[in-house]
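One structure is given here, and the rest of the page talks about it.
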Amino acid sequence: MRNGGPATVMTVISYRTIMKSLINIHRSCLLCLLGAVVMAQADPLQDAFEHPSTTNRPQTLWFWLNGHISREGITADIEAMSKNHIQGALMYAIGHEKQAGPVRFMSDEWIDLFLHTVREASRCGTEIGIHNGAGWSASGSQWNGSPSATVGYLRLGMR
């Protein structure tokens, strides 16, 4: 059985069979890995949508209602914006005298809170803008005479 007997032939066949099987398994693993890499890079547009760059993230309007603002509330709002991938906010200070809160528009305390807002936004990587006036100054109000006066004015301006 030595020197070329049936056991030696069987050992050679088994070794060759095992090696071929291992090579086939190796090739299969490489193909699976290549397929996974291709699938991961499948659609750059979808990836950009799911993981937008900082400059492509949404912004929001942020209303400070009637002076009802606080340092803690500002910090919590900005941290929540940052955590939820909101790039920035345009802050409107709106209100009515009947429901005025503790912080008057443009008072020293209000300005201090706005500066706190800017510092917190910088800390969290969030942009902050500010509307140019208190109240609903950009949308018209009682000083226009009637609710439809602003619409009439816009129609005249378009002719």
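The values are calculated or read from the model by the stated rules, or taken from the named source; none is laboratory data. Everything numeric here is computed off the predicted structure, so don't read it as measured data. No Cβ is skipped: glycine too gets one built from the backbone with ideal geometry, and neighbour counts run over all protein chains shown.
The table for this structure:
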read-out	value
Odd one out for Asp77, checked against (1) surrounded by 10 or more Cβ atoms within 10 Å (Cβ to Cβ); (2) under 12 Å from the mean Cα position of the chain (by Cα); (3) free of Cβ contacts under 8 Å to residues at least 24 places away in the same chain; (4) assigned by TED's automatic domain parsing to the domain that holds Cys124	(2)
Any chance Leu33 is at pLDDT below 80, assigned to a helix (DSSP H, G or I) and more than 20 Å from Ile128 (Cα to Cα)	yes
Matching residues in region 61-74 - criterion: being exposed (fewer than 12 other Cβ atoms within 10 Å of the Cβ) and in contact (Cβ under 8 Å) with a residue 24 or more places away in the chain	Leu61
Residues of region 83-98 that turn out to be under 14 Å from the mean Cα position of the chain (by Cα) and surrounded by fewer than 17 Cβ atoms within 10 Å (Cβ to Cβ), as a count	3
Pairs with Cβ under 8 Å, 6+ apart, first in region 112-124 and within 11 Å of Arg71 (Cβ to Cβ) and touching a residue at least 40 places away in the same chain (Cβ under 8 Å), second of a type in the set (A, V, I, L, M) and assigned to a helix (DSSP H, G or I)	Leu113/Ile74; His116/Ile74; Thr117/Ile74; Thr117/Ile78; Glu120/Ile74; Glu120/Ile78
Of all residues in region 118-133 being in contact with a strand residue (DSSP E or B) (Cβ under 7 Å, 6 or more places away or on another chain) and part of a helix (DSSP H, G or I), the one that is surrounded by the most Cβ atoms within 10 Å (Cβ to Cβ)	Ala121
Hits in region 54-112 (condition: assigned to a strand (DSSP E or B) and of a type in the set (Ser, Thr, Tyr))	Thr60, Tyr92
